[in-house]
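As C-alpha cells, the structure follows; a few thoughts come after it.
Nothing in this text is a laboratory measurement; each read-out follows from the coordinates by a stated rule. None of the values given here were measured: they were computed from a predicted structure. In this analysis, Cβ positions are derived from the backbone assuming ideal geometry, glycine residues included, and neighbour counts consider all displayed protein chains.
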Amino acid sequence: MLLQVEVMAVCEGKKQDTRIQRIASSIRVVPDFPKKGIMFQDITTLLLDPKAFKDTVDLFVEQYTGRGISVVAGVEARGFIFGPPIALAIGAKFVPLRKPRKLPGEVISENYILEYGSDCLEMHVGAVQPGERALVVDDLIATGGTLCAAISLLERAGAEVLECACVIELPELKGRGRLNGKPLYVLVESH
Amino acid sequence: MACGKDGEQDPRIGGIAASIRVVPDFPKKGIMFQDITTLLLDPKAFKNTVDLFVERYIGKDVSVVAGIEARGFIFGPPIALAIGAKFVPLRKPRKLPGEVISEKYVLEYGTDCLEMHVGAVQSGDRALVVDDLIATGGTLCAAMNLLERAGAEVIECACVIELPELKGREKLNGKPLYVLVESR
C-alpha cells in the first residue's frame, strides 16, 4: 500500500514554483523501513517520472550555475544519482564519497556517529585541490551526520564547501544546524 | 567499440580511455582495477562519455534506463535524463524499500543478489542496462533477468569499459553490448 505524506515546498519563491509540487508528490513514503517506526522517503518513484527528475536537476542547476563551483561531491549511493547530472550541467568535476574499501588507491577517511555505532566515509586523495569550490549532494538530510562527514573530507583536502544540496529535508531532526555553518538548500521538507 | 563512419574510432574515445586509471592489486592481488573516478574528474571526458551513449539511444524509444549499483548510478541517470526515460536503480539486497524482486547470480567465490522494485517497469517498456564495466557478465545477466521477469524488453547493455578476455559479451542471453573502451 502506498502512503503519500504531504510534503511542503520550502524556501521563498519555491512555493510558487509548480515544479516543486510535482517533485514532492512523486516521492513515496514507505512505513517501517529499514525498521519499525521509520517513515522512509523513497526517491525511486521520483526517478520513474522523467519530468519530475528533470525538474529536480534543473532546480539545482539554476541554483548553482555561474557560481564558480568546480566540484560536486555526491554521497554514496543516492547522491550518485543526483550529483552527476548537476556536475555535468555546470561543468564541474564529480567526486564520489564512498563507504569504506570501495574506492581503489589512496583515500582519506572520516568517521561519523550513527544512532547506534559509527560509520565512515572516504574520498580519493587528489580528487580535490586546495581552493576548489565544492557542493555536497545527497538525496536527503536527516540528522546531518553524513553530510557533516562529507564537508569535513572536502575541507581536509583544502576545498571550500559552498553549500549542501538535498532533495528532501527532515527538519525535525535538525540536520541543518549541524553543517559547520554551511548553508543548506533543499527542494522539499517532510514532516 | 564506439565507431564513427567507416569504422573509425570516434575522436572522443581517446580522451575517455586516457582518463581511466588502472589501480593494481585492487580489491585483491592480481586484479588490475579499472578506476573510472578519474574520468569523472575530467568534465569534458565525462560529458563525452554521456554524449556517446545518448547519441546512440536517442530516438530509439527507450523508456527505461536501469543502472547497477553503485557506479551504474553515475552513468545511467544522465543518459535517462537526456533521452526522456525513467531511471531504475538495481540494488544490492535490502537497500530498496518496499516490495522487490530478486535475482541471484554466481561470483568467483559464492553468490550475490540484485533487486528491483516491483512496479518499476511494465510489459511494453524498452530497457537499457548501464554499468561502468563488464567483466564476466554475471551482474549484467542478473540485471537483464530482473527486467525481463517484469515484462520489459531489454534492448541493449551499455558499459564504459569491457574486459574482452573475460568473455562477458557472450553471457548476455544474446542481447547486444555497446562499450566505449576495451581493456586488455
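Tabulated results
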| quantity | calculated |
| --- | --- |
| Members of A:K35/A:K99; A:K36/A:K174; B:K60/B:K95; A:K93/B:K86; A:K93/B:K28 lying beyond 26 Å, as alpha-carbon distances in this model show | B:K60/B:K95; A:K93/B:K28 |
| Residues with amide H under 5 Å from that of A:L140, placed H, sequence gap 5 or more | A:V167, A:I168 |
| Relative contact order of segment A:106-184, defined on C-alpha pairs under 8 angstrom at six or more residues apart (%) | 31 |
| Peptide-level mean, for B:86-99, of C-beta atoms on other protein chains within 10 Å | 4 |
| At least 18 Å along the helix axis (C-alpha) and Kyte average at least -1.0, DSSP helices within chain B | B:43-57 |
| Amide H partners (placed H, <5 Å) of A:E163, local residues excluded | A:V136 |
| Packing-based exposure ordering (other Cβ within 10 Å, fewest first) of B:I79, A:I81, B:I16 | B:I16, B:I79, A:I81 |
| Calculated P(r) tail over 14 Å for segment B:40-98, as whole % of Cα pairs | 57 |
| Net charge of Cβ neighbours under 13 Å - reference B:S63; Lys, Arg +1; Asp, Glu -1 | -1 |
| Calculated Rg and Dmax of the protein assembly as shown using C-alpha coordinates, Å | 19.8, 61 |
| Antiparallel bridges, percent of DSSP beta bridges restricted to segment B:110-184 (to nearest 5) | 0 |
| Per residue convex hull volume, Cα atoms of segment B:68-184, in Å³ | 100 |
| Computed helical MRE - 222 nm, chain B, DSSP H runs ≥ 4 contributing -39500 (n - 2.57), nearest 500 | -8000 deg cm²/dmol |
| Relative contact order for chain B, counting Cα pairs under 8 Å that sit 6 or more residues apart, in percent | 18 |
| Sequence-distant residues sharing a close amide H with A:V95 (under 5 Å, placed H) | A:V72, A:A73, A:G74 |
